[in-house]
Amino acid sequence: MLCCKMVPSCGGTVLSTEGQPVSGMEVSILHNESTVATTVSNEEGEFAVKGLRHGAHVIKVGSKQQPVRL
């Protein structure tokens, strides 16, 4: 028997104010105001996090925050 679960993930690209990819930026994912995951953007500014809960989250990069729903 094979069993699969849908596991929410979150990803994107960190860009400078000039629209250029930024590498090495810490990206935090918050759920209910608590940090549930942290990663760092790669050479192309990309980041990805798997294994998150469904529901409302906040992506935080530096002082910027963006609400998302998974």
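Computed values, structure above
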| item | result |
| --- | --- |
| Protection proxy ranking of 9-17, 60-68 - average other beta-carbon atoms within 10 Å, highest first | 9-17, 60-68 |
| Cut-off under 5 Å, modelled amide H: who pairs with VAL68 long-range | HIS57, VAL58, ILE59 |
| Potential lengthening between GLU44 and LEU15 on full extension [0.36 nm per residue; Cα-Cα distance subtracted] | 9.5 nm |
| Most positive-pole-ward Cα, SER41, GLY62, SER28, against dipole of the chain from beta carbon charges | SER28 |
| Within the chain: Cβ-based charge dipole about Cα centre, in debye rounded to nearest 20 (Lys, Arg +1; Asp, Glu -1) | 420 debye |
| Cα Rg, Dmax (largest Cα-Cα span) when computed across the chain, Å | 13.3, 51 |
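Read-outs: derived from the displayed coordinates by stated rules, not from any lab. Source: prediction; values computed, not measured. FYI the Cβ positions are ideal-geometry reconstructions off the backbone, even for glycines, and counts take in every protein chain you see.
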